[in-house]
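Worksheet: the structure to be examined is printed underneath.
The values are calculated or read from the model by the stated rules, or taken from the named source; none is laboratory data. Since the structure is predicted, the reported quantities are computational estimates derived from the model, not experimental observations. For neighbour counting, all protein chains shown are included, and Cβ atoms are generated from backbone atoms with ideal geometry for every residue, glycine included.
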Amino acid sequence: MATADAPKKKKAKAAKKKPKINSFDRFKQFEGHTYTGMQIGRGHKWHYDQGTWKETKITPDLWEISYAVTKRRMAHAPEGSGVPVGTGYHWYVFAHQVVKKLDANDYTTEMTGLKYKLAHKRADKEKWSATAKTQRKHLVAFLKKMIKQLQQEPIPLEFEHKSTKYKGEALPIIDTCHDGVCFELEIMLNDEQLGIIRKMKSGWKMDLVKDQKLVKTIGEHIMLWYE
């Protein structure tokens, strides 16, 4: 015989079975826009398998490139986090590649820059989130923003560190600027591209510059300029 409490118990069981939404899938806010996925300010680290980079010279200064490889997390993803297997992304990479010859057959290579999402494809869908025409429109808008970024006046840098004189510039990344202060900037010193410096709670950081005192000095000169 059913009791008055039976519907309540069923609702309680249903509530318990309801899957939890992990932090990756929760809706978040950034400058008035709603988004899901990794929280702004957080990042990934990956190992890349031995891949194939192919390049063909088109003009004296222009090359066509292709690159295919499997990338793997340095640390395992938390169980149940992230997107389902089969999800796809279309990114546009806007980066500097700096290479140095070691011997007849070997070079070091470093890349720093930005990547911009043009579209994604959910694992359970056949179509991408944007048509080819819309993706091209998004790419044009992104490149126009990059042109505007490159045309702005950089912050001049000039200092001495460990008996070496440095002269160059810090170019603000527009999307990281708030109230007239930018928290990520591209650094060029002595005509060499060093990568992006970013201000974090723990201080200034750069991914490819090992001398943390040099990084700190660059950051201090940037803040002095803003003052």
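Of all residues being assigned to a strand (DSSP E or B) and small (Gly, Ala, Ser) in the stretch 103-122, which is surrounded by the most Cβ atoms within 10 Å (Cβ to Cβ)? Just the residue, please.
Within the stretch 103-122, the first condition is being assigned to a strand (DSSP E or B), and the residues that meet it are 107-121.
Subsequent filtering for residues that are small (Gly, Ala, Ser) retains 113, 119.
Values: 113: 13, 119: 17.
Per the criteria, the residue is 119.
Using the structure shown, decide if residue 100 is exposed (fewer than 14 other Cβ atoms within 10 Å of the Cβ), modelled with pLDDT of 95 or more and either in the same structural domain as residue 209 (by TED's automatic domain parsing) or assigned to a helix (DSSP H, G or I) (or both). When the stated conditions are applied, residue 100 does not pass them.
Inclusion of residue 171 among residues that are in a strand (DSSP E or B), under 26 Å from residue 146 (Cβ atoms) and not assigned by TED's automatic domain parsing to the domain that holds residue 108 is warranted.
When residue 180 is tested against the conditions (1) at pLDDT below 95; (2) at negative phi, the lone failure is (2). Among all positions in the stretch 84-92, there is at least one residue which is farther than 30 Å from residue 141 by Cβ and of a type in the set (A, V, I, L, M, F, W, C). Pairing each residue of the stretch 183-201 that is under 18 Å from residue 211 (Cβ atoms) with any residue that is of a type in the set (Lys, Arg) and part of a strand (DSSP E or B), provided the two are 6+ apart or on different chains, yields C-beta distances under 6 Å for 198/205. State all residues of the stretch 64-95 that are surrounded by 10 or more Cβ atoms within 10 Å (Cβ to Cβ) and either in contact with an Asp or Glu (Cβ under 6 Å, 6 or more places away or on another chain) or of a type in the set (Ser, Thr, Tyr) (or both); if no residue qualifies, say none. Matches in the stretch 64-95: 67, 69, 70, 81, 87, 89, 92.
Kindly indicate whether any position in the stretch 124-142 is closer than 30 Å to residue 223 by Cβ, at pLDDT 95 or above and either in a helix (DSSP H, G or I) or touching an Asp or Glu at 6+ places or on another chain (Cβ under 8 Å) (or both). Yes, some residue in the stretch 124-142 is closer than 30 Å to residue 223 by Cβ, at pLDDT 95 or above and either in a helix (DSSP H, G or I) or touching an Asp or Glu at 6+ places or on another chain (Cβ under 8 Å) (or both).
Would you pick out the residues in the stretch 168-220 that are of a type in the set (S, T, N, Q) and touching a Cys at 6+ places or on another chain (Cβ under 9 Å)? Give the derivation first.
Kept after step one, since they are of a type in the set (S, T, N, Q), are these residues of the stretch 168-220: 176, 190, 193, 202, 212, 217.
Residue satisfying the conditions is 176 alone.
With respect to the conditions (1) under 20 Å from residue 165 (Cβ atoms); (2) out of contact with any strand residue (DSSP E or B) (no Cβ under 7 Å at 6 or more places or on another chain); (3) of a type in the set (D, E, K, R), residue 179 falls short on a single one, namely (1).
Here is a yes/no grid of residues against (1) β-branched (Val, Ile, Thr); (2) out of contact with any Lys or Arg (no Cβ under 6 Å at 6 or more places or on another chain); (3) under 22 Å from residue 53 (Cα atoms):
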| site | (1), (2), (3) |
| --- | --- |
| 75 | no, yes, no |
| 79 | no, yes, no |
| 82 | no, yes, no |
| 92 | no, yes, yes |
| 102 | no, yes, yes |
| 109 | yes, yes, yes |
| 112 | yes, yes, yes |
| 115 | no, yes, yes |
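Any residue in the stretch 175-197 that is within 17 Å of residue 223 (Cα to Cα), of a type outside the set (Asp, Glu) and exposed (fewer than 11 other Cβ atoms within 10 Å of the Cβ)? There is at least one residue in the stretch 175-197 that is within 17 Å of residue 223 (Cα to Cα), of a type outside the set (Asp, Glu) and exposed (fewer than 11 other Cβ atoms within 10 Å of the Cβ). In the condition set (1) surrounded by fewer than 18 Cβ atoms within 10 Å (Cβ to Cβ); (2) under 24 Å from the mean Cα position of the chain (by Cα); (3) of a type in the set (Val, Ile, Thr), residue 218 is compliant with all but (1).
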